Protein chains: 2
Amino acid sequence: MVKPKQQNEAGGAEQRRLQMVDIARLAGVSVSTVSRALNGSELVNAETRQRVAELARSLNYSINFGARNLRLQENKTVAVVVPYDAKSRQHISDPFFLSIVGSIADALTDRGYDMLLSRVDAEHLDLASHWFDSGKAIGLVLIGQWRHHDQLNEMAARKLPLVVWGGEMPQQLYCSVGGDNVLGGTLATRHLLQLGRRRIAFVGDAQLPEVWLRRQGYCQALREAGVDIDPSLELPAPFEPGVASGVLRDFCAARRDFDAVVCCSDVLALLTIQALRAAGRRVPDDVAVIGYDDMPLAAYCDPPLTTVHQPVAEAGAELVEALLGQLRGERAGLRTMPVYLKLRASAPAAPG
Amino acid sequence: MVKPKQQNEAGGAEQRRLQMVDIARLAGVSVSTVSRALNGSELVNAETRQRVAELARSLNYSINFGARNLRLQENKTVAVVVPYDAKSRQHISDPFFLSIVGSIADALTDRGYDMLLSRVDAEHLDLASHWFDSGKAIGLVLIGQWRHHDQLNEMAARKLPLVVWGGEMPQQLYCSVGGDNVLGGTLATRHLLQLGRRRIAFVGDAQLPEVWLRRQGYCQALREAGVDIDPSLELPAPFEPGVASGVLRDFCAARRDFDAVVCCSDVLALLTIQALRAAGRRVPDDVAVIGYDDMPLAAYCDPPLTTVHQPVAEAGAELVEALLGQLRGERAGLRTMPVYLKLRASAPAAPG
DNA sequence: TTGAAAGCGCTAACAT
DNA sequence: ATGTTAGCGCTTTCAA
């Protein structure tokens, strides 16, 4: 026989956690009746139901979900995983990712799900599958594809319930939800062209699918306008401020032959503005700058950022719906959400 | 008899999840042996242990933690709860809170715990106890006290394993971990006084314990310097940018009789700078501004923010240690961590 | 060294 | 309308 250790025996801080059998005894009914009452079953006498419910509430009893889930073979927990760069030991602190997480939290709560939040080395996204394999979560939401489209495809092939925030890539087997990155890149670039700028730099690491797509949009807008694409104006800065800051300063110190910049995040835009000023150039007069994400702070920087607005609030709901759809057995589709350009002072509406 | 529904029968997307009995059958041993092998028990033959472990790994088997926890009466999940303002429907998007959450996530992961993240109405912090009552989490970390010191005290009285990020208040029964708010307020104010400023405004909602303590520090520094405290220079702006922005613009439009501002967050500092500029005043020449938190972006604003640095990275570890200590039965103590002033351009080192 | 069996807290089929 | 009972996947005592 077994006598598992009671949790808090050490400090005696805690009395044994209440369970159904306690409520049953106090109410003078069987455990099944308590279970039924608490689950609002019609099978139990209304008066009894009332009495049991009140007793439970007054004693602060709340059902043991571990046991319930085991019995029911169900689980209402979703793992949300934020990749981080293990090499640079930099944690993702970009406000955009954090906003997305918040938005997912809301969407899950609305639907009665719990959210397990964790980080994973961006080089081993597949380690995230452990949440599912161990039964701790019924599915995964991954924030960003990073450099491992391949791993994500393998995870999908393994039939892992998975949704990724990111862009649509060729040969993609996994379900993704993301903003329209190509459009975002185009809108930003087109606006700068309309301002009369012709030497437009692009800041972002095109190894990342989302950035790669934005770059497509950037190139497309340049071609439309008959402006030559100059690869030397492309700066592969990572999202981490610590690294990007140096890269940008070097670039701005070395070159003055550009009059606008498209950045792949608002934080990068901020860093770019700093670097430009350090190099003695004015924003937006000498160089217009456009960010990406429209983070809450974007309106409050100086100058306020013109930026591509991403639908953060809707994103959480979309991601969660996509995951739950998959669990219902629906085909895992891709979803691209609209984005728009938010005009502010860093690249104003009127030329000059 | 019972036949619980299998999870993914609908789409047929998923095969039955592997369990110990499957491994046992394939390895030609009993379930107990598999259990022992996987837990590295000395009781099982080294060769068998090896074989079972390899089999499990090759099949991507991973133990069902729900069942294990039920059997063992243990749980390695901690709930982290971020309050939000239900009235204004504003979610906390302050980078500082999100950084703290990240730091807690790391600390929990290091110690082998999982993190359940959720939000709660700041008016009903006590609802967070549901995570514990339901057995979903062994304890709670709450980010901020907000206006409900009382509720937190009640939760502690109920013997809920709870740690709160926040300040030390009189009559406090619950365990808190926080930066030294009084010191932070003092350091900021003292620095402004050293710059020769005498009319120093204070921006923050003193109904919140942390802000209240910072205000103590502010008042103390003023008294030290023999400067009168002018209550009309105290502006009770909330942390939500949407609301605070308007309040600050009105204030800066109406008054020019101040030459410095102590803000209770970096976001508030940013908003203050915006409002000052809109009113035609220069930062730091006309008005020096000091923020609070030292969020990652603080160095990259314009001007870069002089701010009170909070020990975010250490905070996660402290919070988690405090919680685990409580679970071990140790006295729930209060912990105040050092802060320091990070000098940047919004209130520079040298006067004038 | 291994297996059989009990039981963690809960739900539901089956009895009454 | 309520009680009895089996069993969800696991660990561990007990027996061999």
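In the Gaussian network model of chain A, springs joining C-alpha atoms below 10 Å, which of A:V80, A:V261, A:V120 carries the largest mean-square fluctuation?
Looking only at A:V80, A:V261, A:V120, the largest GNM fluctuation is found for A:V120.
If you put +1 on each Lys and Arg Cβ and -1 on each Asp and Glu Cβ, how big is the dipole of region B:282-343 around its Cα centre, in Debye rounded to 20?
Numbers: 5 positive and 9 negative charges, 53 e Å.
It comes to approximately 260 debye.
With a cap of 15 neighbouring Cβ atoms within 10 Å, and only residues DSSP puts in a loop, list the trypsin sites (Lys or Arg not before Pro) found in region A:248-330. Write down the numbers at each step before the final one.
Values: sites: A:R249, A:R255, A:R256, A:R277, A:R281, A:R282, A:R328; in loops: A:R255, A:R256, A:R281, A:R282, A:R328.
Those that pass, being in a loop and sparsely packed, are A:R255, A:R256, A:R282, A:R328.
Of the options A:C175, B:G28, A:V247, report the single residue whose Cα projects farthest towards the positive end of the charge dipole of the protein assembly as shown (beta-carbon charges: Lys, Arg +1; Asp, Glu -1).
Result: B:G28.
What is the Cα centroid distance between region A:117-137 and region A:238-273, reported in whole angstrom?
The two parts, judged by their Cα centres, are 32 Å apart.
Taking amide hydrogens as modeled 1.01 Å from N in the peptide plane, which residues meet the under 5 Å criterion relative to A:T77, leaving out close sequence neighbours?
Hits under the 5 Å cutoff: A:D114, A:I138.
Read phi for every residue in region B:44-52 and hand back ³J(HN,Hα) as whole Hz from Karplus 6.51 cos²θ - 1.76 cosθ + 1.60, θ = phi - 60°, with x for Gly and Pro.
After applying 6.51 cos²θ - 1.76 cosθ + 1.60, I find 9, 3, 3, 5, 4, 3, 3, 4, 4 Hz.
Note down the net charge around B:L319, summing +1 for each Lys or Arg and -1 for each Asp or Glu among other residues with Cβ under 12 Å from its Cβ.
On the way: positive: B:R111, B:R335; negative: B:D106, B:E314, B:E318, B:E321.
Neighbour charge sum, excluding B:L319 itself: -2.
Taking each pair of distinct Cα atoms in region B:57-178 once, what is the resulting Kirkwood hydrodynamic radius in Å? Let's see the in-between values first.
Numbers: mean 1/r = 0.0645 Å⁻¹.
Roughly 15.5 Å, rounded to one decimal.
Name the residue, out of B:G66, B:G178, B:G144, whose mean-square fluctuation peaks in a Gaussian network model built on chain B with Cα pairs under 10 Å.
B:G66
At A:P231, label 7 Å along Cα→Cβ: distances to the other copies, nm, ascending?
Between copies, matching label points for A:P231 lie 6.9 nm apart.
Give me a comma-separated list of calculated 3J(HN,Hα) values for region A:235-247, in order, Karplus coefficients 6.51, -1.76, 1.60 applied at θ = phi - 60°, integers in Hz, x for any Gly or Pro.
10, x, 7, x, 6, 5, x, x, 6, 4, 3, x, 4
Calculate the dipole size of chain A relative to its Cα centre from +1 charges on Lys and Arg beta carbons and -1 charges on Asp and Glu beta carbons; express the result in debye to the nearest 20. Please report the intermediate quantities before stating the final value.
Working: 38 positive and 40 negative charges, 162 e Å.
So the magnitude is around 780 debye.
What share of all Cα pairs of chain B, in percent, falls into each consecutive 20 Å distance bin?
Pair shares across the bins are 26, 43, 22, 9, 0.
What number, in nm² with one decimal, is the all-direction average of the projected area of the convex hull of the alpha-carbon atoms of region A:100-140? Write down the numbers at each step before the final one.
Working: hull surface 12.3 nm².
Dividing the Cα hull surface by four gives the mean projection, 3.1 nm².
Measuring from centroid to centroid over Cα atoms, what is the spacing of region A:285-346 and region A:172-201 in Å?
Spelled out, the Cα-based centre of one part sits 12 Å from the other.
Could you state the per residue volume, in Å³, of the convex hull enclosing the Cα atoms of region B:247-320? Spell out each step's value before the answer.
Numbers: hull volume 6.0 nm³, N = 74.
Per residue, the Cα convex hull of region B:247-320 comes to 82 Å³.
Can you pull out the trypsin sites (Lys or Arg not before Pro) in region B:72-147 whose DSSP state is coil and whose Cβ has at most 10 other Cβ atoms within 10 Å?
Working: sites: B:K76, B:K87, B:R89, B:R111, B:R119, B:K136, B:R147; in loops: B:K76, B:K87, B:R89, B:R111, B:K136, B:R147.
Loop-located and lightly packed - B:K87, B:R89.
Filter A:K76/B:K159; A:K87/B:K342; A:K342/B:K87; A:K342/B:K342 down to the pairs with a C-alpha to C-alpha distance above 29 Å, please.
Details: A:K76/B:K159 27 Å; A:K87/B:K342 27 Å; A:K342/B:K87 27 Å; A:K342/B:K342 33 Å.
The pairs that break the limit, which is 29 Å between Cα atoms, are A:K342/B:K342.
For chain B, modelled as a Gaussian network with Cα springs under 10 Å, which listed residue fluctuates most, B:L319, B:L59, B:L195?
B:L59
Every other copy gets compared here: list the nm distances from the A:P170 label point (7 Å along Cα to Cβ) to its counterparts, shortest first, one decimal.
7.1
Hey, what's the Kirkwood Rh for region B:169-230 if you take every pair of different alpha carbons, in angstrom? Could the numbers behind the result be given before it?
On the way: mean 1/r = 0.0819 Å⁻¹.
For region B:169-230, inverting the mean 1/r across all distinct Cα pairs yields 12.2 Å.
Inside 10 Å of the C-beta atoms of A:62-75, what's the mean count of C-beta atoms belonging to other chains?
On the way: counts 8, 3, 5, 5, 13, 5, 4, 4, 8, 4, 3, 6, 3, 2.
Per residue, the average neighbour count from other chains is 5.
Going by amide H atoms built from the backbone, whose H comes under 5 Å of the H on B:V164, apart from near neighbours?
Hits under the 5 Å cutoff: B:L142, B:C175, B:S176, B:V177.
Amide H of A:A288 versus every other amide H placed in the peptide plane: which residues, excluding those fewer than 5 positions away on the same chain, fall under 5 Å?
A:A260, A:V261
For the protein assembly as shown, would you read off the P(r) tail past 48 Å as a percentage of all alpha carbon pairs?
Details: 55818 of 247456 pairs.
Every Cα pair in the protein assembly as shown considered, those over 48 Å come to 23 percent.
So what are the three principal axis dimensions of region B:227-352 from its Cα atoms, in whole Å, longest to shortest?
Principal extents (largest minus smallest coordinate, Cα): 57, 32, 28 Å.
Which net charge results for the neighbourhood of A:V247, defined as the other residues with beta-carbon distances under 15 angstrom from its beta-carbon, given Lys and Arg at +1 and Asp and Glu at -1?
Values: positive: A:R249, A:R255; negative: A:D85, A:D205, A:E234, A:E240, A:D250.
Net local charge, A:V247 excluded: -3.
Quick one: if you take sqrt(5λ) for each eigenvalue of the C-alpha gyration tensor of region A:118-234, what semi-axes come out, biggest first, whole angstrom? Could you put the intermediate results ahead of the total?
Working: eigenvalues 249, 29, 24 Å².
With the √(5λ) rule applied to region A:118-234, the semi-axes are 35, 12, 11 Å.
Can you compute the helix-only [θ] at 222 nm over chain B? Use -39500 (n - 2.57) per DSSP H run of at least 4 residues, normalise by all residues, nearest 500 deg cm²/dmol.
-12000 deg cm²/dmol
Bear in mind that the values in this text are calculations on the coordinates, not laboratory data. Small disclaimer: the values here were computed from a predicted structure and weren't measured. Quick reminder, even Gly has a Cβ in these numbers, built from the backbone with ideal geometry, and neighbours come from all protein chains shown.
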